[in-house]
Structures are given as C-alpha cells and as structure tokens.
Amino acid sequence: MAVGWWGRELWVMWVFGGRWGGGNGNRWRHKLKRWRCRRRQSGDLRGRIGLDRSTNISDDEEYSPAIDNVQPLSVVLEEIPLSVHAPLVMSYNDRIRPLLDAVDKLRRLKVTQEGIQLPTIVVVGDQSSGKSSVLESLAGINLPRGQGICTRVPLIMRLQHQPDPHPELFLEFHDKTVPTDEAHVSNAINEATKEIAGDGKGISHTPLTLVVKKNGVPDLTMVDLPGITRVPVHGQPDDIYEQISAIIMEYIKPEESIILNVLSATVDFPTCESIRMSQHVDKTGSRTLAVVTKADKAPEGLLEKVTADDVNIGLGYVCVRNRIGDESYEDARIEEARLFNTHPLLSKIDKSMVGIPVLAQKLVQIQAISISKCLPDIVREIGDKLNTNVLELKKMPQKLFSIAEAMTVFMQIVGSSKESLRKILIRGEFDEYPDEKKMHCTARLAEILNHYSLELQNSAENGSSENFLMEEIRVLEEAKGIWLPNFLPRTAFLMILRRKVMAICGTPIEFVAKVWNYIETALLTVLMYHSENYPQLQSCTRRAAQNLIAKMKERSTQVVMDMVEMEKLTDYTCDPEYMTVWRKLMENQTVFDEVMNSPQKPRKMKIVGFGEIEVEHLRLHPNIRDQAFDLKMRITAYWKIVLKRMVDSMALHLQLSIQMLVNKDMEMEIVNEPHGFQSWWDRNDARRITISC
C-alpha cells in the first residue's frame, strides 16, 4: 500500500484531529498544508537523527519504518560530554533537541489517546514532600504555593534553554495559548487551573501545559501531578485520595514513563504513599529516580537511607536542599553546594548524588536514553496505525454533486453486494468472511436442508408395532364394495396417502421459513456492509431487502402448498425404485402367512424393514389381513418416493430462487423501492449533499 509522507500527514490529521467529514474540509486543508511545511522542515531532523537526507520517502512507495536507519540515541549520548553549565544547562547536542520537540508535538497531538505511549518524566510525591520546590529550582520560576493541594491538574512543564536572556513563558490549555511572565506565572497557573478544574478544591484529568524558554534551564519535559493526600480537608471531595491515585496511576503505569519520586528526608521512605504507588507499577525500580528534599532539615541517617535503598530505587537518589524564603535561585545553589561540601554528615554523600545541577543532568540523560529506547516502537506503532487508517480513509465516500454521480455510486454498491452474494450463496466462496461461519451460506443452507430431510424421514416411521396393519384393515373395511374381493381398492391407497401427507405438511413450511430467515440475515449483512458509508441509503436498502425476502418466502410457501396438494391428489411415479422396494417388502408375505397359520400361534414375528411386531391381533381378521399386508407394503414403498421428491423439489426450488434473488430480483427491488434512492435524492439539494460516514 502506497502511503508515503503525504499519507502519514493525512493519518495524523485523521487520527488525532477527528474524522474528515462535511463542513471540515477547509480546516483539514489548512492542517495538511501545515504538515507539508513540517515535512520540508523534517529534512534537518532526518539528518540529525542519522537518516540520510537522500533517503526520500515518496508518496508512492510502500511504507516501511525508517527507524532502521536511525543512529540509536544511546550511541549519540556516548558522544556527548556531560557537563553542567551556568548552572543547570547540559550540553545538549543539536541532534537531540529536535527529537524532544517531536515527542512534545506528539503529546500535543494527543497520540496517547490512540494507545501510543510516549517517554515521559512523571513527578509524584506525597503532599508537603517539597515537590514544588524541586520543580521551581529546575525551572527557575515560582509555582503556586499554599495550604492543601496546589497542583489540581496534570501540569506538563516544557523547559527549553535559549540563548536569549529574555525569558518566554506561556500556558497552553483548551486549545488556546496564554502568554505570561516570571512575575505572574504563578497567578496565571492558578487562573488556568480554575478554568479547567473549577473554583473549588476538586481535581481534573485535563492537563495544563507550561512552556518555559529561558537561558540556563535544562531541556526537559516533565508532568507534575497532584500531591498525594489521604484525608480530605478544606472542602476537598471525600474521594480525593481515589481521584489523585487514579490520575497518578494513569501516568506512571505505562512502561515508557520515568517516575521522579520526590521524598522528604524527614520521613521514612517505606511509609511514603508515592513509593507504594511506584513500586506497584515498577517492581524492579528500573524506571524510578528518587529526589530527597529537605536534606538540611534531617541530615542524620540520610547517607544510610540513600545507600541502603530499602525501597528499590533503580535509577538512584539525588539529595537536594530546598530554596529558603526569598533566596534567589543562584544563591540557593551556592548555599546548596556549601551545605553538601561542609556539613559533617551530608558531605559524606557522594557528589554524584547531591544538588539540583546533578538532578538536572541525570534527568536530561535519562530522558534522552528513554527516547532512544522508545522511539523505534513509536515509529512502528505510528506506521501500523497509518496503514490501517489510510485503508479506512480510502473507503470513505466522495462528495456527490449530481444525481448521475450518486447513481454511479449506488450501482457500485449494488454491484459489489451482488458479487459478494454470488460468492457466499452460489459459489460457496467465503474469503470475505473467513472467520464468520454464519456467513458461509452454502454450508449452512446444506445443513438446513439435511435437517429438513431427516425430519421428513423420521415422520415416515411405521408407528407402534402393537397396531401393525390396523390402519390398513380399517380403511379396507370402509372401502369395500360390490365387486370381486381380490382387487386392492385404489381409494384405500389414496386415503392412507393423504393422511400421511397431511401429517407432514407443516414440516416443509417450517423449512421455507427457516431458510428465508437465514438468507435475510446474510443479505442484510452484505448490503449493510457495502453501504455502511452511506447511512441515508441504508434504510431504504434494508426495507427493499426485507420486502424482497417476504416476497420470496411467500412464493416458496406457495410452492410447498402446491407440492402438498399434488401429493394428496394422486399417486404417481416413474421411478423404478418403487417396484423394486415393493417386491422386496412382499418377500416377507410368505413368512407372514406361515406365522398367521402356525398351530403354535406365536404372538410376535420379525419383518425386514419393520423389525419385531405384534401379530396376535391380526388373527381376528383372516379375510382381510393379506390385502392389508399388500397395501402396507405399497404405501411404504411409495412413501419413500414421496419424501425424496419433497426434498429434491425443495432443493431445486431453493437454488433457483437464490439465483433469481441475486441476479435479478434484489437489484429491481432496491431500485423500485417506494422510498428509495430517487425519492431520497429528490428531497435534497444535489449541490449540498455529501454522503459521509
């Protein structure tokens, strides 16, 4: 399937921006234009990540992930000398920054809603653990402070170093951008939070994005989540803990998430609720990094806590000092460095485990490695979804501006439906429905016909052995007249035949109903599938199909009733099997006569085709029992012919009816449906009608 770059752009709009439907054409064209601009800009990105710029993916080539040509970021990182600059900025290679921007763009496009997980640093911590202080130190800005929960929505912080000394800050939420500055960013976050989560103390899953472009900040994207609290206070919802837990688990559960667990040095780590949550989803700790705040408040035993690692933190610990009062961020870093260099206890902690600069360096490196690990899977998943959705996009209907165009599409639907029906109802091909056995129609119809034949055969059982020949004797006694006694009355034969036909006449009618009910289900399934993009036509198509099946069922019922009447009317067959079976059955008459005339007077005997029967009661009718025996054998032989004829005739009638339905009747019924295509089109303006899904 040829998709190329254009298909990929179109897929992103399709999946992440909503369906391409009527009224949105201009919006989609503008989006496509912007994405094509991004394609031109992507040449630099492709070069930075190691993909040869000459490796151009055209719109006509088959999609295959280009990730095989991308140099792994773990290798790229090895080429980057890790150092800390003025004071937090890591030397960040130009080949890395575009990838982080790409991940952020995918996050803004809400790809996670499509099941594609992105590498994310998720910041969690118990309430009052110092989480806000850590984020303020990394970003160099003031975040909202106060009693209770300050963070009531997921706050996506995008930090980006820029050489311009003038910071640029803005918020993104509800599809709008709100500029702010360092002096007012805290109030701006509060106002945006109120707009998202309301004025109360409740929380919301809807994220708020804070973009900080500032000289000296590390290139990071983090998601700050509400602090964990168990007891609701100050008007918080009663289930505040459950709500916060749900948000945290949503973000930390994906394997692509890196958990930045903020812990206070003043508490025992194993008792922290944030530790319990992270251990629940990351049992090995391989994607959890711990930040220990307030180190200056509880230095005793801190070294043992971070080296013993009782809570299984796989990415290690970083101990930091919180900014105090009105300290500037530069002064706070100086005081932090002095603390960990001179304090008698804290100075013993390895310098690779202390300080905000070290934390920034670790986060940047972990983030880059996470991207290098996840990027191939992200590209692969996008490619898979692209292929799937481009196929779906190609099935979408076109705009129809005239009745001629609409008629063309209409006839295409009818034509494709007829071909599908020929496959499943006539030729026995089910490649369109390989796993749906109910749509393997020839096999299911054969099963229904075989069941019908068995039902008729079961009705041909000769009844109780205790009353053998009694029905024939009673009929012969009523059919006798003034004529020679050794002639078998034809009226007796016809009387018994009619009784037997009437006894089974309901079975063929039930068979007809069952067959056409099944065909109706298959017919509607096919028609609805081929017209699924045209809901305005589905209702009339459904009515036409139901009307057609009702007519076919009525026609078949009439055929059955005529067949029954013919069988009741007379007895005839040219099938030599009748005489063959009758002669074979009459071979039992000699044994029958011997038993009847035996002085031992046995009560039972065996007759081939009937099994063991009672014969004692037949000695009371010596003058008519031989005639009754002959009549019984004739009826038995002829009844086999009748049953076979009723099955064969119905099978042939069914085949003919299906052929007529598929090749002629269905199309005529849909076209002539009173409220069908023509009347639907006449009720709408051809210039405005767009049949869409």
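Values quoted throughout were computed directly from the atomic coordinates according to the rules given, and no laboratory measurement underlies them. Owing to the predicted nature of the structure, the values given are computational and were not obtained by experimental measurement. Note that each Cβ is placed from the backbone with ideal geometry, even for glycine, and that neighbours are counted across all protein chains shown.
Numerical summary
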quantity	calculated
Alpha carbon convex hull of the stretch 403-682, volume per residue in cubic angstrom	152 Å³
Mean projected area (nm²) of the alpha-carbon convex hull when the stretch 428-540 is viewed from all directions	12.2 nm²
Integer Hz, Karplus 6.51/-1.76/1.60 couplings in order for the stretch 430-435, x for Gly and Pro	10, 5, 6, 9, x, 9
Modelled FRET efficiency - R0 60 Å, GLU554 with ARG97, Cβ distances, 0.05 increments	0.20
DSSP beta bridges in the stretch 117-354 [antiparallel fraction, %, rounded to 5]	35 percent
Proximal lysines relative to LYS305, as straight alpha-carbon distance under 24 Å, when same-chain residues fewer than 8 apart are discounted	LYS131, LYS283, LYS294, LYS297, LYS348, LYS351, LYS362
Value of relative contact order over the stretch 117-354, rounded to a whole percent, pairs C-alpha under 8 Å and six or more apart	23 percent
Packing-based ranking, highest mean first, of 349-362, 254-267 given that Cβ atoms within 10 Å are counted	254-267, 349-362
Given charges at beta-carbon only (K, R positive; D, E negative), |dipole| of the stretch 403-682 in Debye	740 debye
D (Stokes-Einstein, µm²/s), Kirkwood Cα radius, the stretch 117-354, 0.692 mPa s at 37 °C	178 µm²/s
Residues whose placed amide H lies under 5 Å from that of GLY216, excluding near-sequence neighbours	GLN162
Options PHE487, MET407, CYS441, ranked by Cα towards positive dipole end of the stretch 405-498, top entry (Cβ charges)	PHE487
Computed magnitude of the charge dipole of the stretch 117-354 (debye, nearest 20; Cβ of K, R +1, Cβ of D, E -1)	300 debye
Built amide H within the under 5 Å cut-off of VAL123, gap 5+	VAL223, ASP224, LEU225, LEU260
